[in-house]
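The values are calculated or read from the model by the stated rules, or taken from the named source; none is laboratory data. Quick caveat: nothing in here was measured; it's all calculated off a predicted structure. Don't worry about glycine lacking a Cβ; one is built from the backbone with ideal geometry, like all the others, and counts go over all protein chains shown.
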Amino acid sequence: MLATLAGLRLAQGRAAEARVAAEEAMARYTAMGACGLFRAGFVRLAHAEALHATGAHDAARAAIAGARARVLAIAGTISDPDYRASFLAQVPENARTLALARTWLGEPAQAGGGGA
């Protein structure tokens with residue numbers, strides 16, 4: 001819920017409020033070690049985007065690098081190439097995470113993860 005709130009605040013141009021919500025979402029995710037409804041990727045993405053929107057570019061790059069590493073690690077466990085490619089390209093938060101990683105880090109989307 002907090003990551004969704006962060007996304008809404010970003011869309012409204014309220015970056016500082018988005019960052020507060022995203023940081024709380026990350027803190028809760030970290031404390032619990034999990035996220036409901038398999039939304040950890042969305043939480044990580046919202047956090048990186050909120051950091052970036054508030055000018056914390058180094059922190060945003062570190063956050064998107066961590067999010068990217070997690071997406072690629074999960075993709076690495078998917079043995080079926082079509083499912084792996086779908087996971088990387090068709091799950092919206094995964095595709096956006098990889099796209100931002102390419103932009104902010106200058107790295108290829110599939111480095112180390114295989115797939116499409």
* Where in the stretch 1-60 are the helices (runs of 4 or more DSSP H), entirely inside, with at least 3 residues that are under 15 Å from the mean Cα position of the chain (by Cα) and touching a residue at least 40 places away in the same chain (Cβ under 8 Å)? -> 2-11, 40-53
* Structure fact -> Filter the stretch 100-109 for residues that are over 21 Å from GLY7 (Cα atoms) and either surrounded by fewer than 17 Cβ atoms within 10 Å (Cβ to Cβ) or modelled with pLDDT of 95 or more (or both); the one that is nearest to the chain's Cα centre (by Cα) is LEU105
* Where residues in the stretch 64-99 are β-branched (Val, Ile, Thr) and assigned to a helix (DSSP H, G or I), which of them is farthest from the chain's Cα centre (by Cα)? -> ILE74
* Structure fact -> Within the stretch 36-71, of all residues that are farther than 20 Å from GLY106 by Cβ and surrounded by fewer than 15 Cβ atoms within 10 Å (Cβ to Cβ), the one modelled with the highest pLDDT is PHE38
* Asked: In the set GLU49, GLU24, which member is under 13 Å from LEU2 (Cβ atoms) and in contact with a helix residue (DSSP H, G or I) (Cβ under 8 Å, 6 or more places away or on another chain)?
  -> GLU24
* Asked: Counting only residues that are modelled with pLDDT of 95 or more and surrounded by fewer than 14 Cβ atoms within 10 Å (Cβ to Cβ), how many does the stretch 12-35 have?
  -> 3
* Assuming ILE74 fulfils every condition listed in (1) at pLDDT 95 or above; (2) closer than 28 Å to GLU24 by Cα apart from one, which condition is it? -> (1)
